[in-house]
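The values are calculated or read from the model by the stated rules, or taken from the named source; none is laboratory data. All values reported here derive from a predicted model rather than from experimental measurement. Note: ideal-geometry Cβ built from the backbone for every residue, glycine included; neighbour counts use all protein chains shown. With ligands, DNA and RNA removed, areas are computed over all heavy atoms of the protein, side chains included. Shrake-Rupley method; radii C 1.70, N 1.55, O 1.52, S 1.80 Å.
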Amino acid sequence: MLEQDYAIRIALEKIYRMMDRLVEREEDIKKTIAASTLGLFGGKLDVAFFDVTTLYFESVNEDELRSFGFSKDCKFKQTQVVLVLVTTTDGLPITYRLFTGKIYEGHTLISMVEEIRKVYEIGNVLLVADRAMFSNENLKTMDAQGIKYIVASRLRSLPKQLKKELLESEDFSPTVVEGEFHWVKEFSYNQKRLVVSYSSKRTRKDASDRSRLVERLLKNVKDGKVKIKDVIPNYGTKKYLALRGKEVFVDESKIEKDALWDGLHGVVSNTDELTSTQILSRYRGLWRIEESFRISKHDLKMRPIYHWTQQRIYGHVLICFIAYALVRQAMYRVGRQYEPMSFEKIRNELLHSQASILVDTTTNRKYILPSKTTPVQKKLYRIFGLNQKFEKSKCVRV
């Protein structure tokens, strides 16, 4: 890209040496980025978002780091690593860590929390995470360490009596969460707050998702039976099946029971400082870290990874993390000083701001002739302190 777009040629060996030197300073770089993020908030952090994704390789060879596991990219035939990312509510990076590709994502939470509190001296932070982190082990450990959290719950895995109480409750209260109408009720789960919400929007989505799964399942039904080989690849449809002897059938009662949960969502929290609506609002902000993964994977091309030595893998991810930190800082500054703007839009605006270099063959002097800039481009350059080049559309001597 450097050579094609900017006529900058760097020998591949130099890039590899740079990566090796970079990895040696990984912890210092992560601390510097965390300090930069925390500096925007006066050195204090109140809420941190935690999420996990997978990065796959163009390889099937396993080692201590690369291994087969549950792939969020559906690349089950390729090795992978697990990436844990921690950000602020604005998506600004705090830190990250790589785990072996076969680790269960729920097991990454505690070690990351301990690292954050120890290395970055973050005090009373409220941790927000999705349902993959919902386990009694995680909750008990965070309770013991005095960590406040909001974690999505697995409603269908709750104790039988609590599930019955939840489904039969009729005294839900109306409220508005992030501009969307919800019915909300609070329950008690293991001496913690279980906040359950119901929305018609989620009901429609759940019903649509189930309809799609059932339709896929029925395509494999012959004479009321389903072949096991047709079931194995379709993990989502297994919950609607029943085994009778050696034959598999579609269980209509399971489909009906599944529909009872349409529109319901719950989160567990051990904080007493927030209302039910505020807890749900905090959790709804988790989309920021999901957006962060999209930026890293798609815009910054973090995966697939072609490196195969551990040092180069760490170097590749570290470079992407540095780039991501710059991207988020740019988005944050633009949003605060101008208006919220996606990274893609910022990048496209700046890519279309061009300049030609003119050379006086007599004196050998060089001049920059900028193209006509749009108001948005001018605003972006002023935000980043580069407005002097675009004050006037005329040649500027270099």
Exercise for the section: With 10 Å bins from zero, work out the P(r) of the range 47-199 over every alpha carbon pair and list the percent per bin. Expected result: 10, 31, 31, 22, 6, 0
Handout entry: Sorted peptide list for 157-167, 50-60, 271-281, criterion being average Cβ within 10 angstrom, highest first
Key = 50-60, 271-281, 157-167
Completion exercise
Rounded to two decimals, the Debye log10 I(q)/I(0) of the chain (Cα scatterers, no solvent) at q = 0.13 Å⁻¹ is -1.27
Practice task
Under 12 Å from the Cβ of Ile305, count the other residues' Cβ atoms, weight Lys and Arg +1, Asp and Glu -1, and hand me the total.
Solution key: +4
Exercise for the section: At a Cα cut-off below 17 Å, give the aspartates and glutamates reachable from Lys239, other chains included and same-chain residues fewer than 8 away excluded. Expected result: Asp206, Asp209, Glu215, Asp230, Glu247, Asp251, Glu252, Glu256, Asp258, Asp262
Problem - Loop-located chymotrypsin sites (Phe, Trp or Tyr not before Pro) in the range 299-378 whose Cβ has at most 11 other Cβ within 10 Å (DSSP) - result: Tyr306
Exercise for the section: Considering only lysines 8 or more places apart in sequence, or on different chains, count the pairs in the range 65-208 whose C-alpha atoms sit under 15 Å apart. Expected result: 8
Exercise for the section: Report, by chain and number, residues whose modeled amide H sits under 5 Å from the one on Gly263, excluding near sequence neighbours (fewer than 5 apart, same chain). Expected result: Thr203, Asp206
Handout entry: Two-decimal ratio, the range 324-369, of alpha-carbon radius of gyration to 2.2 N^0.38 Å
Key = 1.76
Handout entry: Rounded to 5, percent antiparallel among DSSP beta bridges of the range 125-190
Key = 55 percent
Exercise for the section: Taking every Cα atom in the range 1-108, find the radius of gyration and the maximum pairwise distance Dmax, and write them in Å. Expected result: 17.2, 46
Practice task
Report the residue, chosen from Leu45, Leu213, Leu83, that carries the largest GNM mean-square fluctuation when the chain is represented by alpha-carbon nodes joined by springs under 10 Å.
Solution key: Leu213
Problem - Gaussian network model of the chain, Cα within-10 Å springs - most flexible of Lys372, Lys31, Lys75 - result: Lys372
Problem - Share antiparallel - DSSP beta bridges, the range 24-179, percent rounded to 5 - result: 65 percent
Practice task
Run the accessible area of the range 182-221 with a 1.4 Å probe and give the carbon-and-sulfur part as a rounded percent.
Solution key: 48 percent
